[in-house]
Amino acid sequence: LIFSAVTFHPTMMTSTKPMAARRQAACVTRSRAATQQRRSTIVRRAQSGPGGNSMEDMKKAAEALKGLDLGNMGKLMENARKAQQQVQQEAMQVQAEMAVTEFEGFDEEETVRAVLTGDQRPTTVELTDAAMQKSPEELGKAITEAYQDAHTKSSVALKERMRELANKLGLPTPPM
């Protein structure tokens, strides 16, 4: 979603343009350029014909322009919109799943347990009796370690979930 320059933070996923959508937009741009080039060629031929800018030559050029098939460009744009909507829906579903998933983190001595949701909201901190015997500085360090551990687990899970989503949608997989 998408993914060569994605920061895997839940609030940013919906604003990042998926790689497939960027590719389709590039195809549309190239298709527009090719159509414009064909139009220019037709007009140049009409202007350089025997009469130069005669009204008859201009009418022939206008008829030739009418014959260009622009229906495929509309279909291409519609397909690009559908692909973008699908990616956004899937990303929102991942965000919703992560918001209700909890991740536990512990300090090195496992005297502090911190719980974060997948969208990085802290829910619980539990201290053992051994943690309560620590100095304020040591306790602060233990709580920080526990939160960092939970955050790391949450981030890894989100990245893995986004990797699965990319595979499912046939997009390039983001780096871990």
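The values are calculated or read from the model by the stated rules, or taken from the named source; none is laboratory data. Everything quoted here is computed from the prediction, not taken from an experiment. Note: ideal-geometry Cβ built from the backbone for every residue, glycine included; neighbour counts use all protein chains shown. These accessible areas exclude ligands, DNA and RNA; they are computed on the full protein's heavy atoms, side chains included. Shrake-Rupley method; radii C 1.70, N 1.55, O 1.52, S 1.80 Å.
Contact list please: Cβ distance under 8 Å, first residue in the stretch 92-114 and farther than 12 Å from Ala131 by Cβ and modelled with pLDDT under 90, second residue surrounded by 13 or more Cβ atoms within 10 Å (Cβ to Cβ) and hydrophobic (A, V, I, L, M, F, W, C), pairs at least six apart or on different chains.
Val94/Met13; Val94/Leu158; Val94/Met162; Val94/Leu165; Gln95/Met13; Met98/Ala157; Met98/Leu158
Of all residues in the stretch 135-153, which are of a type in the set (D, E, K, R) and in contact with an Asp or Glu (Cβ under 9 Å, 6 or more places away or on another chain)?
Passing the criteria: Lys141, Glu145, Asp149, Lys153.
Considering the stretch 113-123 alone, what residues qualify as being open to solvent by less than 70 Å² (accessible area, probe 1.4 Å) and within 26 Å of the chain's Cα centre (by Cα)?
Those that are open to solvent by less than 70 Å² (accessible area, probe 1.4 Å) and within 26 Å of the chain's Cα centre (by Cα): Leu116, Thr117, Gly118, Asp119, Gln120.
From the list Glu110, Glu126, pick out the single residue that is assigned to a loop (DSSP other than H, G, I, E, B), open to solvent by 80 Å² or more (accessible area, probe 1.4 Å), closer than 17 Å to Lys153 by Cβ and out of contact with any helix residue (DSSP H, G or I) (no Cβ under 8 Å at 6 or more places or on another chain).
Checking each option against the conditions leaves just Glu110.
Report, by residue number, each residue of the stretch 149-175 that is more than 17 Å from Ala114 (Cα to Cα) and part of a helix (DSSP H, G or I).
Kept after step one, since they are more than 17 Å from Ala114 (Cα to Cα), are these residues of the stretch 149-175: 158-175.
Of everything in the stretch 149-175, those that are more than 17 Å from Ala114 (Cα to Cα) and part of a helix (DSSP H, G or I) turn out to be Leu158, Lys159, Glu160, Arg161, Met162, Arg163, Glu164, Leu165, Ala166, Asn167, Lys168, Leu169.
Testing Ala146 on (1) modelled with pLDDT of 95 or more; (2) in a helix (DSSP H, G or I); (3) in contact with a Leu (Cβ under 8 Å, 6 or more places away or on another chain), one condition comes back false. Which one is that?
For Ala146, the exception is condition (3).
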